[in-house]
1. Can you pull out every residue in the range 47-89 that is of a type in the set (A, V, I, L, M) and farther than 18 Å from residue 157 by Cα?
2. For the range 111-120, indicate whether the set of residues that are within 26 Å of residue 86 (Cα to Cα) and either out of contact with any Gly (no Cβ under 6 Å at 6 or more places or on another chain) or not small (Gly, Ala, Ser) (or both) is non-empty.
3. Out of (1) exposed (fewer than 15 other Cβ atoms within 10 Å of the Cβ); (2) of a type outside the set (A, V, I, L, M, F, W, C); (3) at pLDDT below 90, what's the single condition that is false for residue 35?
4. Criterion first (farther than 30 Å from residue 64 by Cα and modelled with pLDDT under 85) does residue 193 satisfy it?
5. Find all pairs meeting these conditions: Cβ atoms under 9 angstrom apart; at least six residues apart or on different chains; first residue within the range 16-44 and farther than 17 Å from residue 63 by Cα; second residue surrounded by 13 or more Cβ atoms within 10 Å (Cβ to Cβ) and modelled with pLDDT under 80.
6. Please give the strands (runs of 3 or more DSSP E) falling wholly within the range 58-156 in which 1 or more residues are of a type in the set (Ser, Thr, Tyr) and closer than 16 Å to residue 40 by Cα.
7. Of a type in the set (Lys, Arg) and either without any contact (Cβ under 8 Å) to a residue 40 or more places away in the chain or touching a strand residue (DSSP E or B) at 6+ places or on another chain (Cβ under 9 Å) (or both): is that true of residue 71 in this structure?
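The values are calculated or read from the model by the stated rules, or taken from the named source; none is laboratory data. Everything numeric here is computed off the predicted structure, so don't read it as measured data. We place every Cβ from the backbone using ideal geometry, glycine too, and count neighbours over all the protein chains shown.
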Amino acid sequence: MSNPKSNIQANDRNDDNQIAHLATMPENIVLDKWSESGFEWSGVVAPTSFERLSALLTDDHEQSNLQLSTRLYRQSNVIHLATHLKGEVWLTCQRCLQPVAVDLTDDYDIALLEDDSQVGLIDEETQDYLLLDEVISEQTPERLLPIKKMIEDEIILKTPMAPKHDDCEMAASQVGDIPEEETENPFAALAALKGKL
């Protein structure tokens, strides 16, 4: 027969291991340092580590961690930020007000252009792009790319504005009949005058 105390300790160790595996994603990276050699980061992150995303999450369901890998690379003299995201978040269904799972699994690739002259180096129809001047807001000697904020932007774009289950009932129910309002036709007076003139 197993010892309940040892089971609790084993569960505590499992929880500690799970927390230890959660990675701290860098807020920014030095663009000039990594734009030539490339930059890669991967890890397991909690959805609540993204401040704006966290505000959208439901408190009525436990959130699962997200698997995330991102890579900064240069191709055809254009810097790209590629991200692979796997996982789901729980939001509030706007119909029944119960938790609903939203799958965020996707691949993103954004071209980071120095200026408008680089637009010709990419296929505008298939490639998302941003101008670095719009992304890097702080003027510092080292240009800091806000990598975490950019990835959070992509996640929020993937998150529906009004999440809902595929099949669910409205939370509010109608009591009684809605009375029909009789509205007077504004042209009825004109029709009455038509025969008199």
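1. Filtering the range 47-89 for residues of a type in the set (A, V, I, L, M) gives 53, 55-57, 66, 68, 72, 78-79, 81-82, 85, 89.
Scanning the range 47-89 gives 72, 78, 79.
2. Filtering the range 111-120 for residues within 26 Å of residue 86 (Cα to Cα) gives 111-112.
Next, from what is left, pick out any that are either out of contact with any Gly (no Cβ under 6 Å at 6 or more places or on another chain) or not small (Gly, Ala, Ser) (or both): 111-112.
Scanning the range 111-120, I find at least one residue that is within 26 Å of residue 86 (Cα to Cα) and either out of contact with any Gly (no Cβ under 6 Å at 6 or more places or on another chain) or not small (Gly, Ala, Ser) (or both), so the answer is yes.
3. (1)
4. On the way: farther than 30 Å from residue 64 by Cα: yes; modelled with pLDDT under 85: yes.
The answer is yes for residue 193.
5. These pairs meet every condition: 41/23; 42/23.
6. Numbers: elements: 66-75, 78-86, 88-92, 99-103, 106-113, 128-131.
The strands (runs of 3 or more DSSP E) meeting that bar are 66-75, 78-86, 106-113.
7. Working: of a type in the set (Lys, Arg): yes; either without any contact (Cβ under 8 Å) to a residue 40 or more places away in the chain or touching a strand residue (DSSP E or B) at 6+ places or on another chain (Cβ under 9 Å) (or both): yes.
Considered against the rule, which asks whether it is of a type in the set (Lys, Arg) and either without any contact (Cβ under 8 Å) to a residue 40 or more places away in the chain or touching a strand residue (DSSP E or B) at 6+ places or on another chain (Cβ under 9 Å) (or both), residue 71 comes out as yes.
Residue by residue, here is whether (1) loosely packed, with under 15 Cβ neighbours inside 10 Å; (2) at pLDDT below 95; (3) more than 16 Å from the chain's Cα centre (by Cα); (4) within 20 Å of residue 49 (Cβ to Cβ) holds:
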| site | (1), (2), (3), (4) |
| --- | --- |
| 61 | no, yes, yes, yes |
| 64 | yes, yes, no, yes |
| 75 | yes, yes, yes, no |
| 84 | no, no, no, yes |
| 109 | no, yes, no, no |
| 115 | yes, yes, yes, no |
| 124 | yes, yes, yes, no |
| 138 | yes, yes, yes, no |
| 143 | no, yes, yes, no |
